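Only one structure is covered here, and it is reproduced in the block below.
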Amino acid sequence: MSRIGKKPVAIPDGVTATVEGQTVKAKGPKGELSFVVNDEVLVKLDEGAIKVDPRDQSKQALSKWGMSRTMISNILNGVKTGFEKKLEISGVGYRAAMQGKNLQLSLGFSHEVVYQTPEGIQIQVPKPTEIVVSGIDKQRVGQVASEIREYRSPEPYKGKGVKYANETIVRKEGKKK
């Protein structure tokens, strides 16, 4: 039994949610999102909350039960408050800047790396060594942050590269004479 799946998802104030068959739609101050629930899971709207239940006790239905509830919770939180990931850049000469809608990164390569901002995602650069990726879709925000981090992942000897703000880099000791 899924402990997460048992809990109904409360609909926050200022958000309207509708359930049409297997599609859950949410509309709030930040925008509009929808999620199509797998056929092995039942979804119903009850008194200001969305209830998710497995259709039967098969392994497939039980494995998709908790994930469906979490996805519905994420779209409700996304249209209400949104999500954001912070990235930090460390290294001599490493910096970021916005160039129109594109993110321009200097990461020690012979050329500038230009990352085009996808639709529905906002990227801000409050400081040259800090990037804030925000949006209403949690999966897309994480994907964009991961793609930016991939250009220069932090290395373990000096810690140079792009890392998440809450990430800790396990440092290694260098060569000894």
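The values are calculated or read from the model by the stated rules, or taken from the named source; none is laboratory data. It should be emphasised that the depicted structure is a prediction, and the values quoted were computed from it without experimental measurement. Using ideal geometry, Cβ is built from the backbone for each residue, glycine included, and neighbour counts are taken over all protein chains shown.
Yes/no matrix, rows are residues, columns are (1) of a type outside the set (Val, Ile, Thr); (2) touching a Gly at 6+ places or on another chain (Cβ under 9 Å); (3) over 28 Å from Ser34 (Cα atoms):
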| site | (1), (2), (3) |
| --- | --- |
| Glu84 | yes, yes, no |
| Tyr94 | yes, yes, yes |
| Gly100 | yes, no, yes |
| Leu107 | yes, yes, yes |
| His111 | yes, no, yes |
| Lys138 | yes, yes, no |
| Val141 | no, yes, no |
| Lys163 | yes, no, yes |
Is it the case, given these coordinates, that Asp46 is more than 19 Å from Lys138 (Cα to Cα), touching a strand residue (DSSP E or B) at 6+ places or on another chain (Cβ under 7 Å) and among the charged types (D, E, K, R)?
no
Among the listed residues Val113, Val15, Val52, identify the single one that is in the same structural domain as Gly135 (by TED's automatic domain parsing) and not basic (Lys, Arg).
Val113
When you go through (1) surrounded by 12 or more Cβ atoms within 10 Å (Cβ to Cβ); (2) over 30 Å from Thr16 (Cα atoms); (3) in contact with a Leu (Cβ under 8 Å, 6 or more places away or on another chain) one by one for Met98, which number turns out not to apply?
(3)
Out of Val92, Val141, Val132, which single residue is more than 21 Å from the chain's Cα centre (by Cα) and either at negative phi or surrounded by fewer than 13 Cβ atoms within 10 Å (Cβ to Cβ) (or both)?
Val92
